[in-house]
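Report on the following structure.
FYI, it's all coordinate maths here, none of it is from the lab. In this text, all values refer to a predicted model and were calculated from it rather than measured experimentally. Because the Cβ atoms are built from the backbone with ideal geometry, glycine has one as well, and the counts that use them run over all protein chains shown.
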Amino acid sequence: MAANLGLFSDPSPPPPISGHVPSSRRRPSHDRISFAPDSSHSASSPSALGVPARHGSRAESERLAASQRDLPDEDARLVVVGDAPGTAEAAARLGLGVGPAGNAVRTGKYSVLSFLPRNLFEQFRRVAYVYFLVIAVLNQLPQLAVFGRGASLLPLAFVLFVTALKDAYEDFRRHRSDRLENNRSSLVLGPSPLPRFLPKPWKRIRVGDVVKLLADDPAPADMVLLSTSDPTGVAYVRTTNLDGESNLKSRYAKQETLARTPEDGFAGVIRCERPNRNIYGFHANLELRGGRRVSLGPSNIVLRGCELKNTAWAVGVVVYAGKDTKVMLNSSGAPSKRSRLETRMNRETLFLSVFLLAMCLIVCTLNGIWLVVHQNELELMQFFRKRDYSGGDEKNYNYYGIAMTVFIIFLMAVIVFQIMIPISLYISMELVRLGQAYFMTRDTNLYDESSNLRFQCRALNINEDLGQIKYIFSDKTGTLTENKMEFQCATVGGVDYSGGKAPSPIETGFYSIVVGDQFWRPKMLVKTDPELAKLLRNGGETEEGKCAREFFLALAACNTIVPLILETPDPKQKLIDYQGESPDEQALVYAAAAYGFVLVERTSGYIVIDVLGDRQRFDVLGLHEFDSDRKRMSVIIGCPDKTVKLYVKGADNSMFGVIDKSINLDIIRATETHLHNYSSLGLRTLVVGTRKLSRTEFEEWQSAYEKASTALLGRAGLLRTVATDIERNLHILGATGIEDKLQKGVPEAIESLRQAGIKVWVLTGDKQETAISIGYSCKLLTREMTQIIINSYSREACRKSLEDAMAMCNKLTELSPMAQSSTTAAGSGRIRLALIIDGNSLVYILETDLQEELFGIASKCDVVLCCRVAPLQKAGIVALVKHRTDDMTLAIGDGANDVSMIQMADVGIGISGQEGRQAVMASDFSMGQFRFLVPLLLVHGHWNYQRMGYMILYNFYKNAAFVLVLFWYMQLVHEDK
Amino acid sequence: MNSKAGSTFGSDGATDSSAARRNSKKPKYSKFTQQELPACKPLLTPGIVISTFALIGIIFIPIGLASLSASEHVVELVDRYDADCVPQHLRDDKLAFIQNSQTNKTCTRRLIVPKQMSSPIQVYYQLDNFYQNHRRYVKSRSDKQLKSKSSERETKTCEPEGTTGDGLAIVPCGLIAWSLFNDTYSFSANSKSLQVNKKDIAWQSDKKHKFGSDVYPKNFQSGGLIGGASLNASIPLSEQEDLIVWMRTAALPTFRKLYGRIEVDLEANEEITVVIQNNYNTYSFGGKKKLVLSTTSWIGGKNNFLGVAYLTVGGLCLFLAMGFILLYVFKPSNLISWLYCGLSLRL
């Protein structure tokens, strides 16, 4: 009971670690959170007395202070995890600076009291309402009351009321969902002398709490995993709530924390970055009691909203809570864009305001003239009657002298002509767009059957821009192609094996492994080459056989795939489902499984591979993840025969640089030829290499790796250096060809778009040959096209090739009129050009004076293909077109690498496909398939633009008709006198 | 055996698909959401365009001709008298003449009937440069007070002619009533007086619904400044037809108001003598006063505008139809592309 008091009701436990205080004072910007772990300082937690496993508090505090001094980064947050047997876990304590947020989330904007002023303030931020208000206020002046006083207030009051009602209802719903969310409960390690996990509502969870998740539980906050039910510390999470991806991701608890169960006592300090929006990045390190440091990365953190799957339980410590969690920081909407029509309309509105002002000035000037001319007659004029004789004393009746009267007339004219400025049009446009969005989302032609996704309008204000698109910038992978990879062929040891045939389940060709009395087989079947299969089985000790075995071992081992065992209706049969983030890897592992190298189990320390029926355990000693600079990944494997091997796989141009060319030159040559063939078939290729590591080499690497992976800052760079150091002098094993299937209807869609006069540019990260072959298969490129290829490695070479290309363009366009005249009937006499340029050249072209020339050439070409481009270059190319023409640009893509391009283009479309939801998050519209562009642009876009334009013009016309009738009436009446 | 297997399979499939349908986010098909509702949009084909234009021309031209001829048959006699009805020696200071209640305002005018005028002959007075539409003038009335006796005190909107100096309500209040036209005309032809019928010159609805039969003039024209005619305090407002006519304010500064009707025919070249009591002050603001005698036809008074407008539009349409026919005969492709341009401009 007392302990509970200590946890919940004592708001200010004394500083748990005395050494903190001065250092924190020095740097007040630090977040310092601690679990009061130390009884000797924690007077408020009496239950903490007699902690056996406690180190000297002085020593610990000094160490903490020291570690804090070490921290070079001002923007760090410190989380102290303290939990020892018999020690209460006191409430998380705030540091001296800005404290971390509690876990209660608050998405509601208003409270009961603040609703009225805040909502009114929000509403009056719109210019339209202010305009309405000014007009209504003018109407309240008795001298001006043109329309009834109440009547002029009515429409504004109505609009304000309805909007407020809508806002209030939305806010009420938000409050309700907040309440639901905040009152969910999770198991939190209790503070009693016998630490147990007790349910606790989410809103009370603080940074530093140790939380236990059971299977299918969502995480209440961002937490670092400490241990899981899996002995190796793996936990699988589904991040659907976060990024929409439905595949399982693996998260790891560190070996160092794994050993101790939380009840057992665990103390340490986590130093992590300040809360930030990056879902895919996390840098921290954990300092254990012994002074050992363990680095923590994105694979050690479970974010709020992720569900625990396939894992009985997981224990973690909360590092970010409530509004600091990454999901909350990411909950803001897409950046708003303004439609071109609206920009134009704003200009017209400005013009109309001038027009309105001019009309009012004319009216009041004429009135002034009339008054001056009739100055002496006003008093007796029956219809004017300047003076009021009804009272005893004579006074003027509603007459304040000419100047004032003219001014009042001016204001009256403003009221009478107010409708000239089509403020209500803005509201009408919103309504029309809402209707258009409804039509677009409800269109069955834009519904994707396979992913069960409707069209989604994320930005409501650029609907009509869809009808004005002139340029489409498309990503390739996942947009034009399905990003479902299929292993097609391989070259092993310089021999091409591409004679695979489609497998049939009845055939005994597919592979299954025997576990006890059960058969396990891979979920997906891959066609196998019989010759290669025979070589694997019978090759035994021949050189080719060994090479082939190594090759498939590499495919099975060098990846981050997690095998999951699924039940089937047949109790004797189980399916192995390979889950992973990269579809290429999935395809390769399935292929390896089909050839008899079945990945059965993966933990963070080892993998189990069934090698042709023989189960073997391989220790994973290190893993260098794929990055876009190296374009390869590698693993270091401790084999059962005690040798240590490095397996590397990667893109061919990066691999040939690190392959030892002094041996097996003929194999390298042959592989290169095969690779060329594969990529001309449109296949994605990967080269696999290996190297045996000597004892000393391995030890050197190990120490460098440990050092790099515990660094808090610049870890990625350090790891990259370590990787580059070890990935060299490789022995080539072979290469694979994976087919990237085109999405349904892509060639037809591209053809339709081209007929509509829209230019389609493809920007891809793939290499040139692959890009060109995909270009052919989706009819972007045709055989008649003249290809201009720019592929240079220096600035001067770029300049030269651009000049050559320009000359060629000019020559061909000069030729073409003649060709056209000779074949007028066909109309296709013009020589069509295709520009193919790669990322290396773009480095020298974009952002320099050469980009003008590039644009000149590109605008002459019918098709532009950019290959090997980095995400920022994609945005650069979009900007190149966007800033030089008045044409609208559209970017479509599905992956994180397309985000910058999507945000740069006038209209950004995200494909909700295999590569996660980041593109969708950044996009204005999202849909399931590339081919939906055709109905979207050519039907909906056309209609949206036409209807919106018609409505705006009609509105202008209507207002002008209404106002000018009044205006001319005034003129007519005045002219007569 | 076979059939059984088949049926179980079939039912399985059905439950499967219904489950899928439940989970499916596929939008429900409806003609509305698919924007497939039946609609019709006239295509601007040469046939439709030409026949539409021709039809409009054929309908409009006869209407125009008919109204023009009707307007031509109306006989109108206009006499401006404001300047001539001021005695020669007072013409330098017309204002003094009109403001002085002692001067003799009687004025005799002789008019020649240009054509035979058949009864009823409408007698109008026409004022120029009199802004009955001026905002402060138009608003200065109280409809409630005119309607019912109980609302006598509702004179708030009538300023500056709402109450007398003693605070008594003026009935009818307001500038409009105050400025009631007060010239009178009496006609004679061949030294025989012509009766002017002043009954039924106001709208029936006004008499019945807007002016109360129990509302009698009170405190009217009793202030320091006389605006126009006085009213007989023993006749209810609903019978004061001159007032009712006057209270229907005109939209333009030049307007005619019905004075009465002469219900005998007048022969051509007949001389009519009009004795005018020239009381109304238009001299203070340079207004004109005219007396108008006019016959009527089915389009009303003399007005050529309607006929001319019909003829212009009809003629233009017919001309376009002819032009398009010629173009269609000689260069059909040209015409179609023109119309297409028009279509795309219109949309």
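A few remarks follow.
- Taking chymotrypsin sites (Phe, Trp or Tyr not before Pro) across segment A:741-818, the ones in a DSSP loop with at most 13 further Cβ atoms lying within 10 angstrom of their Cβ are A:Y793.
- Extension gain, B:N269 to B:K199, is 22.4 nm, computed as 0.36 nm per intervening residue step minus the present C-alpha separation.
- Rounded to the nearest 5, the antiparallel percentage of DSSP beta bridges internal to segment A:824-977 is 10%.
- Against the main long axis of the alpha-carbon atoms of chain B, helix B:2-23 sits at an angle near 40°.
- Full extension of the chain segment joining A:D725 with A:S662 gains 20.8 nm, where the gain is 0.36 nm per residue of separation less the Cα-Cα distance.
- Every pair of different Cα atoms in segment A:117-164 enters the Kirkwood calculation, which places the hydrodynamic radius at 11.1 Å.
- Per-pair calculated FRET efficiency, R0 = 22 Å: A:L156 and A:F355 via Cβ, rounded to 0.05: 0.40
- Using a cut-off of 23 Å between Cα atoms, the listed pairs A:K484/A:K523; A:K574/B:K26; A:K109/A:K323; A:K484/A:K527; B:K94/B:K115; B:K115/B:K302 include A:K574/B:K26; B:K94/B:K115 as exceeding that distance.
- Rg to Rh quotient for segment A:626-696, alpha carbon positions, Kirkwood Rh: 1.02
- Residue order, fewest to most beta carbons within 10 Å, for A:R387, A:R630, A:R783: A:R783, A:R387, A:R630
- Between A:L431 and A:R347, the FRET efficiency from the beta-carbon distance, with R0 = 30 Å, is close to 0.85.
- Listed values for segment A:485-496 are Karplus-derived 3J(HN,Hα) couplings in whole Hz (6.51 cos²θ - 1.76 cosθ + 1.60, θ = phi - 60°), namely 8, 10, 5, 10, 7, 9, 10, 10, x, x, 10, 8, and x replaces Gly and Pro.
- Under 5 Å between amide hydrogens, built in the peptide plane, is the criterion, and for A:T481 it picks out A:Q743 among residues at least 5 positions away or on other chains.
- Using the Cβ-Cβ distance between B:A233 and A:E379 with R0 = 25 Å, the FRET efficiency computed as 1/(1 + (r/R0)^6) comes to roughly 0.35.
- Loop trypsin sites (Lys or Arg not before Pro), segment A:394-502, which have at most 12 other Cβ atoms in a 10 Å radius of their Cβ (DSSP): none
- Helix-only mean residue ellipticity at 222 nm for chain B, each DSSP H run of n ≥ 4 adding -39500 (n - 2.57), per residue, nearest 500: -10500 deg cm²/dmol
- Across all Cα pairs in segment B:99-295, the calculated P(r) in 10 Å bins from zero up to the longest distance comes to 9, 33, 34, 19, 5, 0 percent per bin.
- Sequence of B:D143, A:D529 once ranked by neighbouring C-beta atoms within 10 Å, starting from the fewest: B:D143, A:D529
- Approximate spin-label separation A:R196-B:S101, in nm, with each point projected 7 Å along Cα-to-Cβ: 11.1
- Separation in nanometres of the label points that stand 7 Å from Cα toward Cβ, at A:T568 and B:S333: 6.8
- Number of partner chain Cβ atoms within 10 Å, mean per residue of B:250-257: 2
- Computed label-point distance, nm, for sites A:Q143 and A:L180 using a 7 Å Cα→Cβ extension: 5.8
- If a spin label sat at a point 7 angstrom from the Cα of B:H73 along the line to its beta carbon, the backbone N atoms of segment B:292-311 nearer than 18 Å would be those of B:294-308.
- Spatially, segment A:123-159 and segment A:911-969 are offset by 30 Å when compared through their Cα centroids.
- Backbone N within segment B:213-236 under 18 Å of label point (7 Å from B:S150 Cα along the Cβ vector): B:213-216
- Farthest positive-ward along segment A:107-184 dipole, Cα basis, beta-carbon charges - from A:Y131, A:V162, A:T107: A:T107
- Computed from Cα atoms, the angle from the helix B:46-73 axis to the main principal axis of chain B rounds to 10 degrees.
- Normalised by residue number, the volume inside the convex hull of the Cα atoms of chain B is 332 Å³ per residue.
- Residue-count net charge about B:E241 - beta-carbon cut-off 10 Å; Lys, Arg +1, Asp, Glu -1: -1
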